[in-house]
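Okay, structure first, notes after.
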């Protein structure tokens, strides 16, 4: 989608036509109050309306790091991991998209960005130590933050997002069967209890290798779930199975399933056509969905594999819309830009099917030299112009450039061109 399209945060031609819009985006326009949370709320509301008649809705939750390895002075610059696992500078996000089974459409639901260097960020491990009465470096400041109740971390933020999305979808569509699909970092009873008990919705999550059950192993320790004996086992042949970037043909899936301490677990082993294992480790999935047959277990597995859809969204956001290429230092501006990109991505995913345009899309296409044509290319080009002007505006502010100097620079550029 939009392969090779113009990045949002590269240079701009003209700043006069859209200066007011940029000031609105970054919060400099005092007559308006643009906030990432407001953009996010509108996006979720619109998505819920579009899903109001769906009988089944799968919600995929996934974090995504905004990697800024070369940034040094950006506000609230946090720490994330690169693709090799090294700690680098960047920001963190929680994102959610929705799928309707047997429908190819992807509905973008929600995006929240944050920094683990925010003054209100309090690590989960610190909270555990505080509650256990253990001392650690920085414990006085952490305890003061904890006692105030004015803090957040990855878990509290993710729980709030899951709860908000689950309630919003159910409020708009009470009859829908909603299933939350999550990766192994969400294998935590707090998440599972929230979804299964408080929201009364379904979940599918990959289990951590460290998850244990009450049974005792040969060493006298609690048994790891992935090593437990499953009640049922069967196999299913397939002609083609796509997992991530791999396309496996003429293979076989060995499926085991059983109930463990209130959850159903499904273990998956994928073999190639010559019988060799495709993956070194078994995949174990946890769910509260009914699993009484091999077909049920297979559906749980296929439901989990749908997580790949959100990876394509991230790829589009990063490669098509330049999600990681921004060079803004102001944290509010960063959050707004990320939220705007996510909102625009949702619009571009939809417009290919519906061909309906609102006033903002028409204006953005015009800004992108569309000359009356409203297409994805001209909309993205318009957004690029709109957002990247902030770099010029910020440069002028930091160097205290007067209006007269700006005019002189503009005149000289016109002469060169």
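Just so you know, all these numbers are worked out from the coordinates, no wet-lab data involved. From a predicted model like this one, the values you see are computed outputs, not experimental measurements. Cβ coordinates were reconstructed from backbone atoms using ideal geometry, including for glycine residues, and neighbour counts include every protein chain displayed.
Can you tell me how much longer the chain between residue 213 and residue 45 gets when fully stretched, taken as 0.36 nm per residue apart minus their C-alpha distance, in nm with one decimal?
56.5 nm
Rounded, prolate or oblate: which fits region 54-212, taking a ≥ b ≥ c as square roots of the Cα gyration tensor eigenvalues, rounded meaning a/c under 1.5, else prolate when a/b beats b/c?
In terms of gyration-tensor shape, prolate.
I'd like the FRET efficiency for residue 120 and residue 274, computed as 1/(1 + (r/R0)^6) with the beta carbon distance as r and R0 of 60 Å, rounded to 0.05.
0.65
Could you order peptides 308-321, 148-161 by the average number of other Cβ atoms within 10 Å of their residues, highest first?
Packing proxy ranking, top to bottom: 308-321, 148-161.
Each label point is 7 Å from the Cα along the Cα-to-Cβ direction; what then is the distance between the points at residue 325 and residue 403, in nm?
Placing both labels 7 Å along Cα→Cβ, they lie 3.3 nm apart.
Computed FRET efficiency, Cβ-Cβ of residue 75 and residue 197, R0 60 Å: what is it to the nearest 0.05?
So, using R0 = 60 Å, E works out to roughly 0.95.
Tell me, what is the FRET efficiency for residue 373 and residue 55 to the nearest 0.05, using R0 = 60 angstrom and their Cβ-Cβ distance as r?
0.95
How far, in nm, would the chain grow between residue 249 and residue 163 when pulled straight, counting 0.36 nm per residue and subtracting the alpha carbon separation?
Length difference between fully extended and current span is 27.1 nm.
Pulled fully out, how much extra length does the chain show between residue 236 and residue 38, if you take 0.36 nm times their separation in residues and subtract their Cα-Cα distance?
Additional length available on full extension: 66.6 nm.
Would region 140-277 count as rounded, prolate or oblate if I go by the C-alpha gyration tensor, calling it rounded below 1.5 in a/c and otherwise prolate when a/b exceeds b/c, oblate otherwise?
prolate
Can you put 100, 380 in order of Cβ neighbours within 10 angstrom, beginning with the fewest?
Least crowded to most crowded, the residues run 100, 380.
Classify region 206-306: rounded, prolate or oblate, from the alpha-carbon gyration tensor (a ≥ b ≥ c, eigenvalue square roots; a/c under 1.5 rounded; otherwise prolate if a/b is larger than b/c)?
In terms of gyration-tensor shape, prolate.
Averaging sequence separations of C-alpha pairs under 8 Å and six or more residues apart, then dividing by the length of region 206-306, give the relative contact order as a whole percent.
Relative contact order here is 22 percent.
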